[in-house]
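Worksheet: the structure to be examined is printed underneath.
The values are calculated or read from the model by the stated rules, or taken from the named source; none is laboratory data. Since the structure is predicted, the reported quantities are computational estimates derived from the model, not experimental observations. Virtual Cβ from ideal backbone geometry, glycine too; neighbours counted across all protein chains shown. For accessibility, only protein heavy atoms count, side chains too; no ligands or nucleic acids. Shrake-Rupley method; radii C 1.70, N 1.55, O 1.52, S 1.80 Å.
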Amino acid sequence: MKIDLLTLYNYRNYNNLNLKLSSNINIFTGFNAQGKTNIIEAIYFSSLGISHRTRTEGDLILWGKDEASINVKFSKRDINSILKIILKKNKRKELNFNGEIIKQKDLPGLLTMILFSPEDLMLIKGSPLLRRRFIDIELSQISRIYYNELVQYNRLLLQRNNLLKKIRENKKLIPMLDTWDEQIAKAAAFIVEKRLRGIKKLSKLAQEIHYEISQKMEILNIRYNIHNYKNEALNSFDDLFNFYIKVLSKYRDNDIYRGSTSIGPHRDDIDFFINDISLKSFGSQGQQRSSVLSLKLAELEFLKLETGEYPILLLDDVMSELDTRRRENLLSLLQDNNVQTLITATDINLFNAHPKNKFFKVEKGIVSE
């Protein structure tokens, strides 16, 4: 998968940008607050229809303007396509793929990509929400069914929580929970089964990569942690469905008291271990950063295995966070595998003049080669 041309109109600090990208490594350098990350954000937005920096789409529109657009010309399995996104203040965004209007649910998977930003360095020691979001984004890009099931689960969860609050005032409504619990259990079982399989594959890939990165001294393991469950593994859909039916009933009184659902994939977590020792609790900062790098490289291989092509890699201001050896190893791997990559940095001296590196200078919303 390769992006050939990115066009931004009234997006953030870009009035009109036409950017022809190299099929390998594109490096954007310049001072802070010049617009480097805005390019990364626009491409990421074209993949999932969400920003990694804001929840308000109006923030993406140039100040004083009412409309913005992102146009991406790309090739996937040697087929050329055009994706256009129109953003309007106080209105729902418009999505157009090859001249036809599409819905948000149709967007994931058209453009697959991996984002590595400074916030990802908090992936291991940060909140469980970050880790759940990480696996959901990966699985949504390879399975539109997974994305739609996740959206449906969140809707069911909201409706069940609203019913729980009503039951606190009217106990006669309790029997209505049976129907919601069955629907929640089905959606939860589907989501968790896919997460378990995805984490298993990612763990194997990350373990192989990290073993080499650590000079064959550290074994990285990644495990999915089902909230409030410590017994034997649950693997099949039926096992998971029966488990959720059981625990939703078991914690029903507590859920009614709290007015929220205490069990489900929205409460699960992912654990990281180095040589069977918790990386979150006992790992050094260097080990945690190396493990995140291993995970990101594993994502590349995971998405290639699932889709047949490498995704686009977005590295936003993280090169300075890696030591020289890891930075050089990462660039060498990307160059050897022809992974289209966009990198932002303030220091051009972090990079060599490799023939596969294309440099851009960004200054006040102006990009020049």
**OP:** Could you tell me which of the residues 330, 315 is touching a residue at least 12 places away in the same chain (Cβ under 8 Å) and either under 23 Å from residue 197 (Cα atoms) or assigned to a strand (DSSP E or B) (or both)?
**Re:** 315
Subject >> Of residues in segment 334-369 being among the hydrophobic types (A, V, I, L, M, F, W, C) and assigned to a loop (DSSP other than H, G, I, E, B), the one surrounded by the fewest Cβ atoms within 10 Å (Cβ to Cβ) >> reply: 353
Original post:
Checking residue 200 against (1) over 26 Å from residue 302 (Cβ atoms); (2) open to solvent by 40 Å² or more (accessible area, probe 1.4 Å), which test does it fail?
Top reply: (1)
Subject >> All positions within segment 102-127 that are within 14 Å of the chain's Cα centre (by Cα) and among the small types (Gly, Ala, Ser) >> reply: 109, 117
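Does segment 133-150 contain at least one residue that is touching a Phe, Trp or Tyr at 6+ places or on another chain (Cβ under 6 Å), of a type in the set (D, E, K, R) and not in a loop (DSSP other than H, G, I, E, B)?
yes
Which of the following residues is part of a helix (DSSP H, G or I), touching a Ser or Thr at 6+ places or on another chain (Cβ under 9 Å) and under 25 Å from residue 190 (Cβ atoms): 239, 255, 271?
Numbers: 239 fails: touching a Ser or Thr at 6+ places or on another chain (Cβ under 9 Å); 271 fails: part of a helix (DSSP H, G or I).
Just one listed residue meets the conditions, 255.
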Original post:
What number of residues within segment 151-182 are within 15 Å of residue 245 (Cα to Cα) and either open to solvent by 70 Å² or more (accessible area, probe 1.4 Å) or assigned to a loop (DSSP other than H, G, I, E, B) (or both)?
Top reply: 5
Original post:
If you go through segment 258-272 one residue at a time, do you hit one that is in contact with a Pro (Cβ under 6 Å, 6 or more places away or on another chain) and under 29 Å from residue 143 (Cα atoms)?
Top reply: yes
